[in-house]
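The values are calculated or read from the model by the stated rules, or taken from the named source; none is laboratory data. The shown structure was predicted, so the numbers you read here are calculated from the model rather than taken from an experiment. Here the Cβ positions follow ideal geometry from the backbone for every residue, glycine too, while neighbour counts run over all protein chains shown. The accessibility values were calculated without ligands, DNA or RNA, using every heavy atom of the protein model including side chains. Shrake-Rupley method; radii C 1.70, N 1.55, O 1.52, S 1.80 Å.
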Amino acid sequence: KLENATAKAELGRASWKLLHTMMARFPEKPTDDDRLALETYMGLFARLYPCGECASHFQKLLKKYPPQTSSRNNAAGWACFVHNEVNKRLEKEEFNCEKIGDFYDCGCGDDKKKGEK
Ligand code: FAD
């Protein structure tokens, strides 16, 4: 089947959005079980990502840079970093990870206590 660059890019944007939004909601003080869940999720995400070429590149990236799961900040910073590695390979602009702050809002409203993301 022919490659459809538009569909591939759309899938990429949706996937990154989900990933970064998940990181923005990852616990600030994760339990060992939270940490294991994120590591496992990322491994399976990389394995099952529907674009095969993307998946194999991303699996190598994960090996080189294993997910940082010790805190929300570290998880979000790690995801921003690996996304930038993909950006580099695709010759896209680098995103300033210092500015990630409130960029990814899940819109989930008040299912968390005030002050929490
Ligand atoms: P995207 O890279 O999709 O980013 C979406 C938005 O996120 C940007 O507009 C910006 O606001 C923000 N953003 C950008 N960089 C960061 C960052 N570092 N941290 C946080 N937010 C950021 N495409 C291929 O053609 N070949 C591949 O091998 C490939 N591998 C991929 C692997 C994975 C795991 C994923 C999720 C996607 C992959 N893609 C690949 C798709 C590609 O990364 C882009 O999603 C797609 O090309 C659309 O790019 P875009 O310019 O719209 O921005």
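Numbers at a glance
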| item | result |
| --- | --- |
| Yes/no for Lys1 being charged (D, E, K, R), open to solvent by 60 Å² or more (accessible area, probe 1.4 Å) and modelled with pLDDT of 95 or more | no |
| Where a residue in region 66-87 is in contact (Cβ under 8 Å) with a residue 60 or more places away in the chain and its partner, wherever it lies, is part of a helix (DSSP H, G or I), with Cβ under 7 Å and at least six apart | Ala79/Leu19; Ala79/His20; Ala79/Met23; Cys80/Cys97; His83/Trp16 |
| Candidate set: region 53-64, residues that are more than 9 Å from the ligand (Cβ to nearest atom) and more than 19 Å from Leu18 (Cβ to Cβ); chosen: the one most open to solvent (accessible area, probe 1.4 Å) | Lys63 |
| Test for Asn74: is it open to solvent by 60 Å² or more (accessible area, probe 1.4 Å), near the ligand (Cβ under 9 Å from one of its atoms) and more than 25 Å from Ala5 (Cβ to Cβ) | no |
| Near pairs, Cβ below 7 angstrom, 6+ apart or cross-chain, from region 5-22 (under 16 Å from Phe81 (Cα atoms) and at pLDDT 95 or above) to any residue that is open to solvent by less than 60 Å² (accessible area, probe 1.4 Å) and near the ligand (Cβ under 7 Å from one of its atoms) | Trp16/His83; Leu19/Ala79; His20/Ala79 |
